[in-house]
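Okay, structure first, notes after.
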Amino acid sequence: MRADGRSGDGGRDPLLAAETLRQVFDASPSAMVLVAADGVLRLANAQAGRLFGYAPAELIGRSVESLVPQRFRAQHPAHRDGYFADPVVRAMGEGRDLFGLRQDGSEVPIEIGLEPIRTPDGLFVLAAILDISARKRSEETLRSSLREKETLLREIHHRVKNNMQVVSSLLSLQTANVDDERYRALFEECQTRVRTMALIHEKLYSAGSLAALDAAEYLRDLVKMLARSYLPAESGVRVDLQLQPLDLDIQVAIPVGLIVHELVTNALKHAFRGRDGGTLRIALAQRAGAGLRLEVVDDGAGLPAGFDAGRARGLGFRMVQNLVRQLDGALQVHTGRGTRFVVDFEPAPLDAVAAPPARLGRS
Ligand SMILES: Nc1ncnc2c1ncn2[C@@H]1O[C@H](COP(=O)(O)OP(=O)(O)OP(=O)(O)O)[C@@H](O)[C@H]1O
Ligand SMILES: [Mg+2]
């Protein structure tokens, strides 16, 4: 050995000696096999032996297909030929779950990286194989814990809805004892406000996703419920819904639902009073390049002369203004022959961090 660490025989590095390379090959933490174009294993390291349950020497000369579970075996030669026709460094079977077959017949989930090796004796492929059983096990644990949480969340939405239904029934029982027409109307309106929120929880536990609900379906059911409560059958009022299917999360759906509740009950109570029918239009749409636009439009009496929405004393308008603020939105009120309310708002993307819960009072 010379002082520069190289051996004297023509400058060859002793680290490149076959025996040393063999030790390096065997010390690799991933299993490695060198496969010829005909599918025969020409080299296998110690880890490959451990992974498949053979002595490494037993693997040499076997066909790689003997390490593939029976149900995937028939397609394997075609995959192998495809690789030899276009040999590049890549992962094998991307997007598919891969399994190795052990000598004892058991299967092991694996991940395989393929690397073409060009030699004077021809093209080979080096397959580096990782045992991913531990990862699969922890994935399964996570998945089942997620399923459990989903069931729990569904159950909670269900209970919240049931509790709200109880509140609504209590209000209904109280209403029966109220003689004064004005107070009775107040109780009735509180009842439909509670039902507006209960409906959101009902939609959430019965939908596919627990995080978002279809605004079109929700608002359709909500308006139907309001029409049943506030619109006499012979009123002649036509309700026109123009609702784009849009997913809203609960933090947005609650203020939107309550705004629609206030504006629609107002229109049904005030706009068409003493009139021979009319049209109420409720629209929700995505605006090009902007956020969402909610519109509640009636062709009824119009707001009272000199009405200032900013100074309105009714609970309804105050709630609408608070809820629009919660949505970081903008409210426009147009009145004349009929009334048109426009709420523009831009909900955060559905996977954003949850906002604080809706507040109804003054903030
Ligand atoms: N679409 C409408 N058409 C005509 N008048 C309306 C309309 N919406 C509201 N108003 C008028 O504005 C007033 C204020 O509405 P607001 O919702 O704040 O109170 P309210 O409906 O009277 O009571 P509540 O607090 O129960 O909602 C109403 O009393 C009504 O005179
Ligand atoms: Mg009102």
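The table for this structure:
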item	result
Residue within the range 336-350 that is modelled with pLDDT of 75 or more, over 23 Å from GLY289 (Cβ atoms) and either among the hydrophobic types (A, V, I, L, M, F, W, C) or surrounded by fewer than 17 Cβ atoms within 10 Å (Cβ to Cβ) (or both) present	yes
Residues being part of a strand (DSSP E or B) and over 20 Å from HIS79 (Cβ atoms) - total across the range 119-149	2
Meets criteria (more than 16 Å from ligand 2 (Cβ to nearest atom), under 28 Å from the mean Cα position of the chain (by Cα) and closer than 24 Å to ASN266 by Cα) for ILE156	no
Single match in VAL296, VAL320 (criterion: under 22 Å from LEU248 (Cβ atoms), assigned to a helix (DSSP H, G or I), aliphatic (A, V, I, L, M) and within 16 Å of ligand 2 (Cβ to nearest atom))	VAL320
Residue within the range 177-192 that is basic (Lys, Arg), under 21 Å from ALA283 (Cα atoms) and at pLDDT 90 or above present	no
Hits in the range 303-315 (condition: more than 14 Å from ligand 2 (Cβ to nearest atom) and either among the hydrophobic types (A, V, I, L, M, F, W, C) or buried (at least 17 other Cβ atoms within 10 Å of the Cβ) (or both))	ALA305
Residue within the range 204-215 that is exposed (fewer than 14 other Cβ atoms within 10 Å of the Cβ), of a type in the set (Ser, Thr, Tyr) and at negative phi present	yes
Members of the range 313-332 found to be within 13 Å of ligand 1 (Cβ to nearest atom) and polar (S, T, N, Q), listed by number	GLN321, ASN322
Elements of type strands (runs of 3 or more DSSP E) in the range 199-292, at least 1 residues being within 16 Å of ligand 2 (Cβ to nearest atom) and either among the β-branched types (Val, Ile, Thr) or more than 30 Å from ARG147 (Cβ to Cβ) (or both)	278-286
Total residues in the range 179-198, condition within 11 Å of ligand 1 (Cβ to nearest atom) and either in a loop (DSSP other than H, G, I, E, B) or aliphatic (A, V, I, L, M) (or both)	2
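The values are calculated or read from the model by the stated rules, or taken from the named source; none is laboratory data. Only a predicted model underlies this, so the values are computations on that prediction, with no experimental measurement involved. Cβ coordinates were reconstructed from backbone atoms using ideal geometry, including for glycine residues, and neighbour counts include every protein chain displayed.
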